[in-house]
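Please see the structure below; I have some questions.
The values are calculated or read from the model by the stated rules, or taken from the named source; none is laboratory data. Note that the structure is a prediction, hence the values are computed from the model and not measured. When we count neighbours, we look across all protein chains shown, and the Cβ atoms used for this are built from the backbone with ideal geometry, even at glycine.
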Amino acid sequence: MVTPNITLPLSVAVAADSMKTAKEDTRRKPDPDKELVARAQNGDTVAFDELVVKFTPKLYGLVYHMTSNHEDTNDVLQDVFAKAYRALKRFQGKSTFYTWIYSIATNMTLNFLKKRNRRRAMSLDDVDSAIENDPDYIEATSKSDPVREANIGELQERLNIAMQQLSEDHRAVVTMYDIQGMPHAEIAKIVGASEGTVRSRLFYAHRQLQTYLEDFRK
């Protein structure tokens with residue numbers, strides 16, 4: 001399966017009342033992908049391709065910010081969509097499709113990172129110095145906010161390296177909350193933890209990132 005190239009901006013961190021609204025909307029609104037999912041479950045491959053097209057940009061951003069490696073991201077995404085396709089008939093709609101496929105992507109990326117770390121101790125030289133400068137990444141997110149674009153540079157490189165110092169679990173919640181703007185409640189569903197645990201992980205990760213970035217300034 002070829003991962004399509006789509007242009008869609010990555011979300012930035014949202015304000016507290018925006019997160020509250022997002023959580024209310026999640027409870028209130030029906031799954032917008034219900035019809036496509038039903039068609040795909042009945043063997044409509046075109047409907048599944050539409051789901052792939054819809055979710056590729058954000059899943060690409062999620063996996064890329066966790067792995068900081070273009071080739072690894074493509075490999076993981078291929079596996080994510082393949083697994084989702086095989087498991088789709090077992091999807092019962094107890095959560096939104098959005099939550100379901102994010103859970104698959106998050107868990108598969110965490111497993112991939114743990115295996116990668118067992119194969120080799122990851123050197124900072126193995127980390128893309130600034131993943132947002134990767135041509136494929138730029139093409140996939142070419143409509144990014146110009147303010148966000150302006151921040152790409154030395155600070156982005158330092159932040160990217162600092163992110164790699166976090167554990168896989170802490171990197172996951174930082175990616176979803178700070179980079180993709182997801183509310184605590186949605187992250188909790190995806191990672192299978194309580195909101196309190198998500199908030200705790202974010203607090204610890206933010207403190208660690210601040211320490212790493214302070215060290216860079218010295």
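For region 163-200, how many residues are outside any helix (DSSP H, G or I) and either over 19 Å from Lys94 (Cα atoms) or touching a residue at least 40 places away in the same chain (Cβ under 8 Å) (or both)? First the steps, then the outcome.
Here is the first cut: in region 163-200, the ones outside any helix (DSSP H, G or I) are 164-167, 180-183, 192-194.
Going one step further and asking which of them are either over 19 Å from Lys94 (Cα atoms) or touching a residue at least 40 places away in the same chain (Cβ under 8 Å) (or both), we end up with 164-167, 180-183, 192.
The total comes to 9.
A follow-up question, please. I'm trying to understand the selection: among the residues of region 89-98, which are in contact (Cβ under 8 Å) with a residue 12 or more places away in the chain, surrounded by fewer than 18 Cβ atoms within 10 Å (Cβ to Cβ) and assigned to a helix (DSSP H, G or I)?
First, the residues of region 89-98 that are in contact (Cβ under 8 Å) with a residue 12 or more places away in the chain: 89, 91, 93, 95-98.
Next cut, surrounded by fewer than 18 Cβ atoms within 10 Å (Cβ to Cβ) only: 89, 91, 93, 95.
Within region 89-98, Lys89 is the sole residue that qualifies.
Residue under question is Ser103, and the condition is that it be within 20 Å of the chain's Cα centre (by Cα), at pLDDT below 90 and under 17 Å from Met176 (Cβ atoms); does it hold? Full working, then the answer.
Working: within 20 Å of the chain's Cα centre (by Cα): yes; at pLDDT below 90: no; under 17 Å from Met176 (Cβ atoms): yes.
When the stated conditions are applied, Ser103 does not pass them.
What are the residues in region 50-64 that are over 16 Å from Ser103 (Cα atoms) and touching a residue at least 24 places away in the same chain (Cβ under 8 Å), if any?
Val53
Here is a list: Glu24, Glu50. Which entry is acidic (Asp, Glu), modelled with pLDDT of 95 or more and either in a loop (DSSP other than H, G, I, E, B) or within 22 Å of Ser95 (Cα to Cα) (or both)? Give the derivation first.
Numbers: Glu24 fails: modelled with pLDDT of 95 or more.
Being acidic (Asp, Glu), modelled with pLDDT of 95 or more and either in a loop (DSSP other than H, G, I, E, B) or within 22 Å of Ser95 (Cα to Cα) (or both) holds for just one of Glu24, Glu50, which is Glu50.
Might you check whether a residue that is small (Gly, Ala, Ser), within 19 Å of Leu113 (Cα to Cα), modelled with pLDDT of 75 or more and surrounded by fewer than 20 Cβ atoms within 10 Å (Cβ to Cβ) occurs anywhere in region 165-185?
Initial filter on region 165-185 (small (Gly, Ala, Ser)): 167, 172, 181, 185.
Pick out the ones that are also within 19 Å of Leu113 (Cα to Cα) and you get 167, 172.
Adding the requirement that they be modelled with pLDDT of 75 or more leaves 167, 172.
Next, only the ones that are surrounded by fewer than 20 Cβ atoms within 10 Å (Cβ to Cβ) stay: 167.
The answer is yes, given that some residue of region 165-185 is small (Gly, Ala, Ser), within 19 Å of Leu113 (Cα to Cα), modelled with pLDDT of 75 or more and surrounded by fewer than 20 Cβ atoms within 10 Å (Cβ to Cβ).
Here's another thing I want to ask about it. Only one of (1) modelled with pLDDT of 95 or more; (2) surrounded by 21 or more Cβ atoms within 10 Å (Cβ to Cβ) fails for Lys83. Which number is that?
Answer for Lys83: the failing condition is (2).
Among the residues of region 187-202, is there at least one that is at pLDDT 85 or above, surrounded by fewer than 16 Cβ atoms within 10 Å (Cβ to Cβ) and more than 30 Å from Asp33 (Cβ to Cβ)?
Checking region 187-202: at least one residue is at pLDDT 85 or above, surrounded by fewer than 16 Cβ atoms within 10 Å (Cβ to Cβ) and more than 30 Å from Asp33 (Cβ to Cβ).
Against the definition (at pLDDT below 90, over 20 Å from Leu59 (Cβ atoms) and not charged (D, E, K, R)), how does Asn151 come out, yes or no? Write out each step before concluding.
On the way: at pLDDT below 90: yes; over 20 Å from Leu59 (Cβ atoms): yes; not charged (D, E, K, R): yes.
For Asn151, the condition - at pLDDT below 90, over 20 Å from Leu59 (Cβ atoms) and not charged (D, E, K, R) - is met.
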